[in-house]
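Peer 1: I have a structure here, written as C-alpha cells, and I will follow up with some questions on it.
The values are calculated or read from the model by the stated rules, or taken from the named source; none is laboratory data. What you are looking at is a predicted structure, and each value in this text was computed from that prediction instead of being measured. All Cβ positions, glycine included, derive from the backbone under ideal geometry; neighbour counts span all protein chains shown. Areas reflect the complete protein model, heavy atoms only, side chains present, ligands, DNA and RNA absent. Shrake-Rupley method; radii C 1.70, N 1.55, O 1.52, S 1.80 Å.
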Amino acid sequence: QKKAMGGVVRAAGRDNYYVFKLADRGRAPNGRRFELVRYPVLDGRAPSPKELQTVPLVIRAADNSFLDISVRVTEDQILTTINGFGVDAWKHPKLKTGGVGFLAEAGESFLVRSLTISGNEDPLGLILYGAEETLRSVRRNLMSLAASRVR
C-alpha cells in the first residue's frame, strides 16, 4: 500500500534473521517497477546501505492488484517468486533454523490477503498446517451450504 512490503525468514531471535523487502519504485512502460532488497541481520547488525543487495524488477500488474509473493527457504537457499515467476535465489548458510515474520519501517504499510506456511515437520508447523486445513474445510462447507440454498 505504501512504499514497501517486507518480511523476515530464519528469525532465530531479535538479532539474527534474513530480511527481504519489495520496494515500490513507480510505473514503467511495461508494468510496475520494484526493487527486491535482501540482507542478513547477524548479531543485531545489518549491512550498511551501500552493502545491501538489490534486484531490480518490472512486474506486469495493475496498480491496485495484489501480488502473489512466495518465499521458499530450503537448507541454505532462499528463493523468491512473484506471480509465479522466479525473481531471486539467494544462498546464505549462516542461519539454519528460525521463524518468519513481517517487517515495515517508518512510513511503510502493506496488506496481506493470505499467508501459508508449509513444510514444517516440527510441532508448531504441524499445528499451523492442521489449522490451515481446518479453515479450508470450513470454507468449503460454508460455500457448499450457500450454493445449496441458492438453488
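Peer 1: So, in region 26-52, how many residues would count as being assigned to a loop (DSSP other than H, G, I, E, B) and free of Cβ contacts under 8 Å to residues at least 24 places away in the same chain?
Peer 2: The total comes to 4.
Peer 1: For region 118-126, does any single residue satisfy the condition of being out of contact with any Ser or Thr (no Cβ under 9 Å at 6 or more places or on another chain), closer than 20 Å to I69 by Cβ, modelled with pLDDT of 75 or more and part of a loop (DSSP other than H, G, I, E, B)?
Peer 2: No, that holds for no residue.
Peer 1: Okay, next question. In region 77-107, which residues are open to solvent by 40 Å² or more (accessible area, probe 1.4 Å) and acidic (D, E)?
Peer 2: Passing the criteria: only E105.
Peer 1: Which residue, of A28, A46, A12, is touching a Gly at 6+ places or on another chain (Cβ under 6 Å) and surrounded by fewer than 18 Cβ atoms within 10 Å (Cβ to Cβ)?
Peer 2: A12
Peer 1: Also, quick follow-up: Picking from L79, L67, which residue would you name as being in contact with a strand residue (DSSP E or B) (Cβ under 7 Å, 6 or more places away or on another chain) and not in a strand (DSSP E or B)?
Peer 2: Result of the check over L79, L67: L67.
Peer 1: Considering only region 96-115, state which residues are within 13 Å of the chain's Cα centre (by Cα) and in a loop (DSSP other than H, G, I, E, B).
Peer 2: A104, F110, L111, V112, R113, S114, L115
Peer 1: For region 82-95, what are the residues that are in a loop (DSSP other than H, G, I, E, B) and out of contact with any Asp or Glu (no Cβ under 8 Å at 6 or more places or on another chain)?
Peer 2: K94, L95
Peer 1: In region 53-76, which residues are free of Cβ contacts under 8 Å to residues at least 40 places away in the same chain and open to solvent by 60 Å² or more (accessible area, probe 1.4 Å)?
Peer 2: Answer for region 53-76, where residues must be free of Cβ contacts under 8 Å to residues at least 40 places away in the same chain and open to solvent by 60 Å² or more (accessible area, probe 1.4 Å): Q53, T54, P56, V58, R60, D63, N64, D68, R72, T74, E75.
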